[in-house]
Every structure is written in C-alpha cells, then in structure tokens.
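Comments concern the structure below.
Here, each number is a calculation from the coordinates, and none is a lab measurement. The structure presented is a predicted model; accordingly, all values stated were derived computationally and were not measured. No Cβ is skipped: glycine too gets one built from the backbone with ideal geometry, and neighbour counts run over all protein chains shown.
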Amino acid sequence: MADNYCSNCGENLNNAKFCPNCGTPVVQKGTQTEEQYFRTQSNAFNGTPPKQVKNKNLGCLVIALIIPIVLFVVLAYAGQSSFKDTASNHATTSQSSKVASVSPTGNSNDIVGAAIGITPENLLTVKDILNQCGVVPIKIKHDTLLDGYGNVGIKGYRIETNSVKNVCLYITPEETVSELRYSNDNMYENGKVVKTLDQIINQPDLELVGETKGVNNGYSLNIEGTIKNNTIMKYSYVQVTFGIYDNAGNKIGTAIDNINHLDKKEVWKFHAIGIVSGTGLKYKLDEISGF
Ligand SMILES: [Zn+2]
C-alpha cells in the first residue's frame, strides 16, 4: 500500500478519508507533481497570499492584497475582543456550558457572515450550528480545495479557532450546512450535531462508547460493551480490563477481553469475562490498551 499525501499540506494521509492535519478531503487522482506540491504548501492556512506573483503591476497588487489583510486583522481583533467581553458577561449567568456561552447572533463579531455571504436568516442557522458544535471562529476563509465535496455546488470554508486550525465547513447552494468536520471526525452531518469540537479534540484513541452491561451469575462476571478506535490507524491488538469488587469494596479479580486487528474507526463489541464467585459484584474500567 503506497503512501499518499495531502494535496493541501503534504501530510502523509495513511489512507485516511480526510487529511488528519488540515481536513482536506482525499480525492483519488494522479500523483501530484512537485510543482503542485510546493504551490499548495505555500497556500497553507496562514492568511498569506501565494508567493508566485508574476505581474508588472506589482505595486497595485501588493496594495490590493495588503488592504484586505489589514482589514481582516482589524476585524478579527475587534471580533476577538468583543467575544471576550461577551464571554465574561455571560460567565456569571450561563449554565456553565462552554458550547452555549456564545451568543448565536454574534453581534459585531461577524467574520462568518463576511466570509460566507448568505442571507442573514440562513447565517443565523449556520452560526447556531457552529455554536452547538463549540466552534468559535477567529478566522474563516473560502478554500476551493474543499469545494464540491459531497455534492456539486457545495462551498468549503476553513475555520480557525483558538484551539485548532482547519475546521472544515461545507455550505450547500441552498445556504445550509451540509457538514462540519475536524480532521476525520464530523461534528455536524445529515442535519444534526453529532459531536462537539472539544469532544473530538479530547477523545481518547480507544474509547469506551455507550453503556456497559455486567451479568453476575454467582461464578463469573460477564461484561459487555463497545470500544471504538477513534484513530485512523489500524491496531494489531486491543485489550480491555475491568477490576471486579465485592460488596466491601475489595478488589477480587479482573475481567478481560482482547481482539486482534481493530481497523481505523472500527467499533469492537467486547465480552470481558472474570471468573469470580459471589453475587452483587461491582466492576470498573481499569484500562484499555492497544498497539
Ligand atoms: Zn492536509
């Protein structure tokens, strides 16, 4: 299996669907030329214009490029400080939810509106989705590399927040959000919020998802549940261990299960068994490990 590289940032894609570094969808096409590689490298999200400018009217171009940048910086700075004000005003009254702490209207902090250019009503919906997902843009810009992903006419935007670059937002021609993604994880898809940015950033590589169910029959404790490989790497081996406790809180044994080969994003339904006598036993996750 040959390595492939991101057309935007050059990251090794490791057969991922989206670049783990910048979120650009992987389009299977011919190998990129060296020239394309360096051209896209200089385009990486940093607000600087491409370097290869071949034009006699260099002065005009420089001025034309500087004005929007200066404006952008000024607006971004104004936006940031107004967000801080909003956040601290809310701090005393809000229900301590990070996601809900930003006003959906955004007030003067309208870098989203400036970048996307849709009707104010549809913009509110977009901002509401960003808020629900905990995405607070400090920069946002259109990126043609993201355009057309999933469907024709879809426009892709890169959002930078205080914690990450390259949140990818996709807007349909009907001015709705088709997808909001960070790296290889969706925050919003098929019309609903599925995860917040915080959840994606903080998620463990191997995650116990949903409820576990323990059945204690007097001579063993059988624990069922699911573990998800959140990474885009394949694990050769994964093991889960639970500690088993009696009514007095003493540890009396362990329940273990393991599996060979857990693929990227794959969910493992485990069945951990501990051979212990007694009833009314309790259990608690000790460790999920893998390599
Ligand atoms: Zn990339």
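Here the translational diffusion coefficient of region 206-290 follows from Stokes-Einstein with Rh set to the Kirkwood radius across Cα pairs; for 25 °C and 0.890 mPa s it amounts to 187 µm²/s. With R₀ fixed at 41 Å, the C-beta to C-beta distance from residue 202 to residue 248 puts the FRET efficiency at about 0.75. Please list, in order, the residues from region 270-291 whose amide nitrogen is less than 18 Å from a point placed 7 Å along the Cα→Cβ vector of residue 258. Zone members listed by number: 270-275, 286-291.
Ranking request for peptides 8-17, 132-141: highest mean number of other beta-carbon atoms within 10 Å first, then the rest in descending order.
My ranking of the peptides, most packed first, is 132-141, 8-17.
What you get for region 94-202, charging only the Cβ of Lys and Arg (+1) and of Asp and Glu (-1), is a dipole of about 280 debye around the Cα centre.
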